[in-house]
1. How long are the semi-axes of the equivalent ellipsoid of segment A:257-319, defined as square roots of 5 times the Cα gyration tensor eigenvalues? Whole Å, largest first.
2. Could you calculate the contour length gain from residue A:99 to residue A:232, that is, 0.36 nm times the residue separation minus the distance between their Cα atoms, to one decimal place in nm?
3. Taking every pair of Cα atoms in segment A:1-132, average 1/r, invert it to obtain the Kirkwood radius, and report Rg/Rh to two decimals.
4. Per residue, how much space in cubic angstrom lies within the convex hull of the C-alpha atoms of segment A:6-218?
5. Quick one: order A:291, A:16 from most to least accessible surface, probe 1.4 Å.
6. What nm value, rounded to one decimal, do you get for the distance between residue A:57 and residue A:14 when each label is placed 7 Å out toward the C-beta?
7. In Å and on Cα atoms, what radius of gyration and Dmax does segment A:122-230 show?
8. For the Cα atoms of chain A, what angle does the longest principal axis make with the long axis of helix A:34-43, in degrees from 0 to 90, nearest 10?
Amino acid sequence: MPETPTTDLLDWYDRHARRLPWRVPPGSDATPDPYRVWLSEVMLQQTTVAAVKGYYERFTARWPTVEALAAAPDAEVMAEWAGLGYYARARNLLACARTVAARGGFPRTEAGLLALPGVGPYTAAAVAAIAFGERAAVVDGNIERVMARVFDIATPLPAARAEIRERTDALTPADRPGDYAQAVMDLGSTICTPRSPACGICPWREPCLARARGVQAERPVKPPRKAVPQRRGVAYVGRREDGAWLLETRGEDRMLGGMLGWPGSAWDRGEEEAPPPVPGDWVVLNGEARHGFSHFGLALRVLVARLPLDAEPARGTFVAVEAFRAGDLPTAMRRVLDVARTSPLIADGEPSVPAQETEMLPPALIESHTGAIRKKGPAG
DNA sequence: AAATCGTGGCA
DNA sequence: TTGCCAAGATT
């Protein structure tokens, strides 16, 4: 086992720590706010620092305390999270905030934190170490990679996790455990990167076994990924004469649960069809809304209709034009809107096409009709 | 325990 | 363009 100079890494961190909005600079006497540490850690789950920054700033500006967040309506929090992905995090975030507010503050131990919704082994250890100074072993993807290289662990993930956790725990100091964890994470994200690590300037260059053996690019060993299947569906973008949009809040048992979306078909049972949310002159657009999820690709056929003021939809509710923001939608639903907006039927103000063109068409005619629209549609 | 759950950036 | 993957949690 190589020497792994923890204190050297803390010295490196004192000089090279990234300045991040949720981070207290090393050496400052300020104590990090547990609420902000927790919020940032949840946002950072499987998500890049660059993507998180803006969301973190907006959340903390709007809800400066866990009590404020706990009091927020679900829809506002989900809308603020829109675009960040993994929406169960936002649902759990609210549940957790309400639990914490009700009990009068965050649990101050790793075990106590682990019991909170949306707080797993990584987040519990990170908050315990960073906000409360507990000597908890923090293991994220960065730290996995660093440890797999420093100790040249050839066991493939996820089987290697037991050993990685042991190694991490053995190295974690009682003094400054939070800074230590952030130091290893910074090392992993700036030097010990997944591809072409900068071993020449690494503070752990000397003890690193994988580097000594020239196998750093092959650590950690990961299983091959499965190919993602392709799925299809339909989405209905309805717009009332007063400009209101027909939207629904998706059930929590569905994909994008809790988020705003266009009524449409399921995507998971091979269903491509679904009845319209309200009877009307629905027109099929030519361009499809394509989106790649983590475990499947999706192509959505988009139908649009202009709806009368007295429309009574079986699904969804109308959102007034001044209350509607595309940014409140998850990305897949924004793509649907992008396609829908290529149709004059959905444009702001009066319809710019003769009424005849908005008639419901027999299926056999849909192809030719949408073919005419295609020229104005987006490429693809 | 393996599958599920988003998104954007980058080589 | 495609594939890879980022401060994981849940069931």
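1. Ellipsoid half-lengths, sorted descending, are 23, 14, 11 Å.
2. Numbers: separation 133, 0.36 × 133 = 47.88 nm, distance 3.84 nm.
Difference between extended and current length: 44.0 nm.
3. On the way: Rg = 15.6 Å, Rh = 15.7 Å.
Expressed as Rg/Rh, it is 0.99.
4. Values: hull volume 25.5 nm³, N = 213.
Spelled out: Cα convex hull of segment A:6-218, divided by residues, is 120 Å³.
5. A:16, A:291
6. 3.1 nm
7. 14.4, 50
8. Roughly 60 degrees between the two axes.
The values are calculated or read from the model by the stated rules, or taken from the named source; none is laboratory data. Bear in mind the structure is a predicted one, so any value in this text is a computation, not a measurement. Reconstructed Cβ throughout: ideal geometry from the backbone, glycine too, with neighbour counts over all protein chains shown. With ligands, DNA and RNA removed, areas are computed over all heavy atoms of the protein, side chains included. Shrake-Rupley method; radii C 1.70, N 1.55, O 1.52, S 1.80 Å.
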